[in-house]
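Scroll down for the structure; my scribbles are underneath it.
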Protein chains: 2
Amino acid sequence: MSEAKRPLAVGVVGLGSMGMGVARSLLRAGLAVHACDVRPEPLEALRREGGQPAASPAELGAKVEALVVLVVNADQTEKALFGPDGAAATLPRGAVVIASATVPPEFAERLGARLAAQGLLHLDAPVSGGAAKAAQGQLTVLASGDPRAFARAEPVLSAMAAKVYRLGDRPGQGSKVKIVNQLLAGVHIAAAAEAMALCIQSGADPQATYDVICNSAGSSWMFQNRVPHILQGDYTPLSAVSIFVKDLGIVLDTARASSLGLPLTAAAHQLFLQAAAAGHAGEDDAAVIKVFPGVKLPGATRG
Amino acid sequence: MSEAKRPLAVGVVGLGSMGMGVARSLLRAGLAVHACDVRPEPLEALRREGGQPAASPAELGAKVEALVVLVVNADQTEKALFGPDGAAATLPRGAVVIASATVPPEFAERLGARLAAQGLLHLDAPVSGGAAKAAQGQLTVLASGDPRAFARAEPVLSAMAAKVYRLGDRPGQGSKVKIVNQLLAGVHIAAAAEAMALCIQSGADPQATYDVICNSAGSSWMFQNRVPHILQGDYTPLSAVSIFVKDLGIVLDTARASSLGLPLTAAAHQLFLQAAAAGHAGEDDAAVIKVFPGVKLPGATRG
């Protein structure tokens, strides 16, 4: 049977909000989608929509030619590929692994070498855009890897992403740009919280301040996106405090390896850690504003 | 002679890059512009363009019905109005003082009371937009004050600004929003520098990283605006390091007065102080990246 006549078989490891969105986008694009997850619920949900559940990454690997790994971090990526039930041992030679968790660049570089040693292609392909963009197949992918890996992954990338940046022909380049983005994203969320804490404490009008800043030199993507959660008192997690505890930790570890101090990142990380310690780890990351003592925050207007 | 038949007489105290831009915008709008500055050169330049030099704020005050104070800080604002040659003693009753320096909100509140005691109107009216927007008459004004002050200042505001936010009917409200903006602007410049230091140190491509971030959740107005200076190695000051040494100092002092800690602002302020101490006070504020040791910055591509 020729390639042109049957849909590409793609596996997705990890059906969190990002992975589920990607799996659904792949189904919509007409690909044959297999998936595994430690939880039965999302697997069953995907099965009802036409996906094929697998019991483990190893079982998944035997069925697909491309594998998207959308787990939380480097440890889970390691386990999905090289653990006792990992996919690296069962994927056919020449298959491509699209590794999309936020990981240290050095981990991505080593992963590329290990997969190559098994005859597998590797795309270092962290994503940006969150659950909403994942569901729409509109993610941004910050990718690097061998041109053959890009070619093999093309149908998958075009189904899951609105924009694919090609950042080099070696794994690691994609993850380097991703952690620079995470540094800024995390610092900007913490700065937005700090600024709104000062706004409220000083007696300025929070909504008017938000409107002015959105049109001024103090604006950021995160300020525009997260401050409405504070104004509405709604900390339903779109992206949780715990994500930036993790991601700024990766940023700091990466910089520390080359003795680079990052004072703002370190300060922002401490704020997210304090928020997590105070019981807000699972709340929206805008809840980092709750660590500023004595600031009377707007109450919930819904929920 | 009726109001409608002669142009409003406006004074400008301080002909730095902001004040000169405002004075020229007022001239273009057909107002009668008087000005003073401690330096003779900008006064002479303005005279050639149709402005009227004055020897002191006191001399200026006797000639105008509206006074724009565009000096560097609260001390200079104090001196321009209440110093030995200050304008408050000579301005006619009912004249409006448009105080546009970045000052502590508490200073703006007290200033309003003192001017009112002399029969003068006061607009707390810090500006945003920099020298370029000032020259075009396209500033953003974050204003608060008595409605009569707004009414009296209207011809001046429409000549100097593209957008006037009315933030309340008491002095102080404008300056409160302005310092929240300065907190974010300063932290975002320092964060942009820190992020690009990590980018360069980790071996990511600086230009590609810039392009990706400008289209990602890590973006900010300042990142987009200042990182090109780093990429071009061009630290010609559009806004200098010393400005954020000053402005983040005001932010921290204001918060400290109500025992509010601002960890990111404090970290950013330290970076600007270090940059100033290292001899970069007069360079563009993007030069704060020079305090990250061991980072090989792009060289100058011009100048």
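Please arrange B:R152, A:R148, A:R166 by how many other C-beta atoms lie within 10 Å of their C-beta, fewest to most.
Working: B:R152 22, A:R148 12, A:R166 15.
With the fewest neighbours first, B:R152, A:R148, A:R166 line up as A:R148, A:R166, B:R152.
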Just want to confirm a number: the relative contact order over chain A, from Cα pairs under 8 angstrom separated by 6+ residues, in percent.
14 percent
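Efficiency by 1/(1 + (r/R0)^6): what FRET value for A:R170 and B:Q138, r their Cβ-Cβ distance, R0 = 41 Å, to the nearest 0.05? Show your work: numbers first, answer last.
Working: r = 46 Å, r/R0 = 1.12.
Efficiency at R0 = 41 Å is approximately 0.35.
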Give me the dipole magnitude in Debye, nearest 20, for chain B about the Cα centre, with unit charges on the beta carbon: positive for Lys and Arg, negative for Asp and Glu.
580 debye
Which residues does the label zone of A:A257 cover in the stretch A:94-114, counting backbone N under 19 Å from a point 7 Å along Cα→Cβ?
A:99-114
Taking every DSSP bridge whose two residues both lie in chain B, the antiparallel percent to the nearest 5 is 15 percent
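Considering only DSSP beta bridges whose two residues both sit in the protein assembly as shown, what percent are antiparallel, to the nearest 5?
On the way: 11 of 59 bridges.
The answer is about 20 percent antiparallel.
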Quantify how much of the Cα-Cα distance distribution of the stretch B:177-291 extends past 18 Å, in percent.
48 percent
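As a check on your grasp of the helix formula, calculate [θ] at 222 nm for chain A: sum -39500 (n - 2.57) over DSSP H runs of n ≥ 4, divide by the residue count, round to the nearest 500.
Details: 12 runs with 150 residues, N = 303.
So the helix-based figure for chain A works out to -15500 deg cm²/dmol.
Please order A:K296, A:K178 by the number of other Cβ within 10 Å, starting at the fewest. Intermediate values should be presented prior to the final figure.
Working: A:K296 7, A:K178 33.
Final ranking by Cβ density, sparse to dense: A:K296, A:K178.
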Using the beta-carbon distance between A:A151 and B:T236 and R0 = 45 Å, what value does 1/(1 + (r/R0)^6) give for FRET efficiency, to the nearest 0.05?
0.50
Can you grab the distance from the C-alpha centre of the stretch A:182-234 to the C-alpha centre of the stretch B:231-257, Å, no decimals?
19 Å
What is the Cα centroid distance between the stretch B:124-153 and the stretch B:48-111, reported in whole angstrom?
15 Å
How far is helix A:221-232 tilted, in degrees, relative to the longest principal axis of the Cα atoms in chain A, given as a value from 0 to 90 rounded to the nearest 10?
60 degrees
Column: log10 I(q)/I(0), Debye, Cα scatterers of chain A, q = 0.11, 0.14 Å⁻¹
-0.69, -1.03
Average beta-carbon neighbours from other chains, 10 Å sphere, peptide A:200-207
6
What is the angle, in °, between the Cα long axis of helix B:147-160 and the longest principal axis of the Cα atoms in chain B? Nearest 10 is fine, range 0 to 90.
60 degrees
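Equivalent ellipsoid semi-axes for the protein assembly as shown, as square roots of 5 times the alpha carbon gyration tensor eigenvalues: give them largest first, rounded to whole Å.
On the way: eigenvalues 601, 111, 83 Å².
Square roots of five times the eigenvalues give 55, 24, 20 Å.
Here is the link list: A:K290/B:K290; B:K176/B:K246; A:K176/A:K246; B:K246/B:K290; A:K178/A:K246; B:K246/B:K296. Which ones come out longer than 22 Å on Cα distance? Each step should come with its number before you reach the end.
Values: A:K290/B:K290 34 Å; B:K176/B:K246 16 Å; A:K176/A:K246 16 Å; B:K246/B:K290 19 Å; A:K178/A:K246 14 Å; B:K246/B:K296 28 Å.
Violating the 22 Å limit, Cα to Cα: A:K290/B:K290; B:K246/B:K296.
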Report ³J(HN,Hα) in whole Hz for each residue of the stretch B:53-62, in order, from the Karplus equation J = 6.51 cos²θ - 1.76 cosθ + 1.60 where θ = phi - 60°; Gly and Pro get x.
x, 10, 7, 7, x, 5, 4, 4, x, 5
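Laboratory data are not the source of any read-out in this text; all were calculated from the coordinates shown. If you're wondering where the values come from, they're calculated on a predicted model, not measured in any experiment. Don't worry about glycine lacking a Cβ; one is built from the backbone with ideal geometry, like all the others, and counts go over all protein chains shown.
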